[in-house]
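The values are calculated or read from the model by the stated rules, or taken from the named source; none is laboratory data. Keep in mind the model is a prediction, meaning the values are calculated, not measured. A quick note on method: Cβ atoms are made from the backbone with ideal geometry, for glycine too, and the neighbour counts reach across all protein chains shown. Surface areas here come from the heavy atoms of the whole protein model, side chains and all, with no ligands, DNA or RNA. Shrake-Rupley method; radii C 1.70, N 1.55, O 1.52, S 1.80 Å.
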Amino acid sequence: EVNTLRFRRVPRGYTCHDVARMLAQHVPLTFVKYVRVTNTGYCFVVFVDMHAAFDAAKSMLGKYWSYAIHRGMTYGSRKIGIDVARVQGLPMQLREFRDRATQNADLDVPLVFVNGQEVAWHVALERLADEGVYEV
């Protein structure tokens with residue numbers, strides 16, 4: 001089941017919170033991870049199910065990231081790119097972040113939502129282990 005999408009060409013000034021606010025207007029989500037690459041970045045978003053992922057992709061298709069929301073800059077925008085993420089699901093996204101964080105302390109911390117409330121990523125990972133969904 002596809003429930004994780006990769007959003008491309010995210011402007012450098014954006015944060016996980018910016019992307020989460022934008023997407024949460026349309027559908028419920030459970031995880032947002034931002035990866036910076038030079039002047040742009042990728043954002044990996046896990047939705048509650050494949051229908052929410054489809055609805056999010058449909059609502060964002062053809063739209064643009066706006067630069068105007070950051071530091072008053074109004075120098076343009078970039079078209080939002082969307083595709084299916086290689087790593088699917090919350091347990092696998094958390095595991096991948098944990099593995100990379102041990103190698104690189106400069107990674108942006110992802111946002112994780114449980115029942116609409118933000119929780120620390122390591123708490124979410126522990127909860128999944130307690131539920132037997134993921135082995136720590």
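Grab the beta carbon distance between residue 12 and residue 126, set R0 = 35 Å, and tell me the FRET efficiency rounded to 0.05.
About 0.65, to the nearest 0.05.
What's the FRET efficiency of residue 21 with residue 119 using the Cβ-Cβ distance as r and R₀ = 22 Å, to the nearest 0.05? Show your work: numbers first, answer last.
Details: r = 17 Å, r/R0 = 0.78.
Efficiency computed from Cβ-Cβ geometry: 0.80.
Quick one: order 44, 54 from most to least accessible surface, probe 1.4 Å.
Values: 44 40, 54 130 Å².
Correct descending sequence by accessible area is 54, 44.
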query: Given the Cα-Cα distance of residue 59 and residue 86 and 0.36 nm per residue of separation, how much length would full extension add, in nm?
result: 7.6 nm
